[in-house]
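The values are calculated or read from the model by the stated rules, or taken from the named source; none is laboratory data. What you see is a predicted model; the values in this text were computed from it and never measured. Note: ideal-geometry Cβ built from the backbone for every residue, glycine included; neighbour counts use all protein chains shown. Surface areas here come from the heavy atoms of the whole protein model, side chains and all, with no ligands, DNA or RNA. Shrake-Rupley method; radii C 1.70, N 1.55, O 1.52, S 1.80 Å.
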Amino acid sequence: VALRGICLSLGIAIDGGKDSLSMATMIGDDLVVSPGELVIMGYAPVPDITKVATPDFKGDGLIGLIDLGNGKNRLGGSSLAQMFGQIGNDPPDIDDPDLLKRAFEAVQELIEKDLITAYHDRSDGGLITAIAEMCIAGNCGARLHIFDWSTIPTLFSEEAGMIFECKRSSWNAVMEVLRGFGVPSLLMGNTNREQKELQITKSGASCVFSQSVLQLRQSWEATSTELEKLQANPEMVQAESESHAVEAEVDYRLSFTPRPAASYAKSRRPKVAVVREEGTNGDREMAAALYSGGLDPWDISMSDLVDGRLTTLETFRGLVFPGGFSYADVFGSAKGWAGPIRFNPRVRDMLDSFYARDDTFSLGVCNGCQLMAQIGWLPWKGIPEDAQPRLVHNKSGRFESRWATIQVLQSPSVLLRGMAGSTLGIQVAHGEGRLLFPDPHVADEIRKQQLVPLVYVDVDGNATEAYPYNPNGSPEGWTALCSRDGRHLAMMPHPERCFLKWQWPYMPEKWRGLNASPWLKMFQNARSWCLKG
């Protein structure tokens, strides 16, 4: 009845669901019916995906609270009650669905008009948790004032509510919008980028809470750290825990100006084969990145090559092996994929002929990088199999999915022309990404010829093997190799997953005005090289 009522009030409908209420599990001799709650998630169209408010304080602004609890601070069912082994009596509720609807519409207008710089939800952990998370995410301090309200309920109640940050100069405009929708709001405090501390004060009392953002981050991560000790290499987990005590921020740098995607006639788009295998999952993202860069991507499966449906690669200028988990990695990363290439003479000859042409390029990303190592394409052909560089399990002992920081080094790579000197964020997602060199002389020659175009870097911008900055433990931070002539490139990070600005989970404020993602240049470089050489 309650669900029906609020759906009618909000003007929304349930279009599907999963019956989990009938699930049960045994804990010892007890039968536990789980879960004991109904969780509803909503979705809606987003007209402009560049218009977003993220939960990270930007600094030197004002903090406001939209209180959808109408002054109530009920603690029933809260995280605080759980910590004390209690349930409580009165849980938070949406007493006024129309107010929730008006508040949502008001926030959409604030975002549309660029009036708020950060936004978060109070209802998961309470006011203090939300504010602390916004400080941690933005590496920014805040001063909060809770007037003469009861301290514990005010800070820990998980009533519905919206917390936002805005520029000081925008406060009056924000209030005008909220009043127009009949939405109550309060000025709760301010943010400070220089003073990295969360301080909470109360009328007629001294400071009720004060802690540095660094300490908050360590406390927030502590539970995860203990769980990870049971799941990963404890030494790496400890290293990551220690990294939470580092206050410095990554200094992203650009050595070029990114250009937006342009329109090209199909005849001006060089053909590129995107070769996928059973389990590949990055082929469509790769095709989108290639097309945005001005290339003409073709979907080619390994069965097309093995079964003879495609007998030549002569019409293609590029060959791309995208990321994923070929054969679910049950043979080891890319080993199953490499089999039909290494042991099928016709397929092997077709690819070798493509590699040998001087008008072609190739790119392997993640699983594709592992494949290029398996078939001996990088750093150069002809290395004995027992000396061939390869990718092995991460030092952490687990799959790593992170937003890492890499630096583009000077190298012969044609795909990275004009990008050397840049320090960029990039997505990584792999379990076997650690470069291993059975023959140290091969590694020495790679250094000598500058065939390492990308390295993981720490917060000081230095190539590193330290975890978590280097997620797999590759020597000297190496995370890519290119051929001597620069035409062939294999890399573990995923540039195709961040070739659009909105794909970046973090981007420095100074880059918000960029017309394109820096990683788009890599694909534009491919087109330029194909057309000009």
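Assorted remarks:
- Accessible area, probe 1.4 Å, largest first, for residues Ile12, Ile116: Ile12, Ile116
- Arg268 contributes an accessible area of around 130 Å² to the protein surface, as traced by a 1.4 Å probe with all chains present.
- Over 19 Å apart at the Cα level, from the set Lys381/Lys532; Lys51/Lys521; Lys229/Lys395; Lys113/Lys521; Lys266/Lys532; Lys58/Lys113, are Lys381/Lys532; Lys51/Lys521; Lys113/Lys521.
- The residues Glu496, Glu176, Glu247, sorted by heavy-atom accessible surface at 1.4 Å with ligands and nucleic acids left out, run Glu176, Glu247, Glu496 from largest to smallest.
- Between the C-alpha center of region 303-358 and that of region 222-280 there is a gap of 26 Å.
- Value of [θ]222 nm, deg cm²/dmol, for the chain, DSSP H segments ≥ 4, -39500 (n - 2.57) each, nearest 500: -8000 deg cm²/dmol
- Percent of Cα-Cα distances greater than 42 Å, calculated over the chain: 33 percent
- Packing rank of 367-374, 332-339, where each peptide gets the mean count of other beta carbons within 10 Å, highest leading: 367-374, 332-339
- Reference-scaled alpha-carbon Rg (2.2 N^0.38 Å with N residues) for region 178-333: 1.77
- Eligible aspartates and glutamates near Lys510 by straight Cα distance, threshold 13 Å, same-chain separation 8 or greater: Asp251
- Residues whose amide H lies under 5 Å from that of Phe209, counting only those 5 or more places away or on a different chain, are Ile200; hydrogens are built 1.01 Å from N in the peptide plane.
- With every protein chain in place, the chain: carbon and sulfur % of accessible area (1.4 Å): 52 percent
- Using a probe of 1.4 Å, the accessible surface attributed to Phe104 totals some 110 Å² when neighbouring protein chains are kept in position.
- Span-rule helices in the chain, defined as complete DSSP H runs reaching 15 Å or more along the axis (Cα) with Kyte mean at least -1.0: 97-112, 127-138, 213-228, 345-356, 520-532
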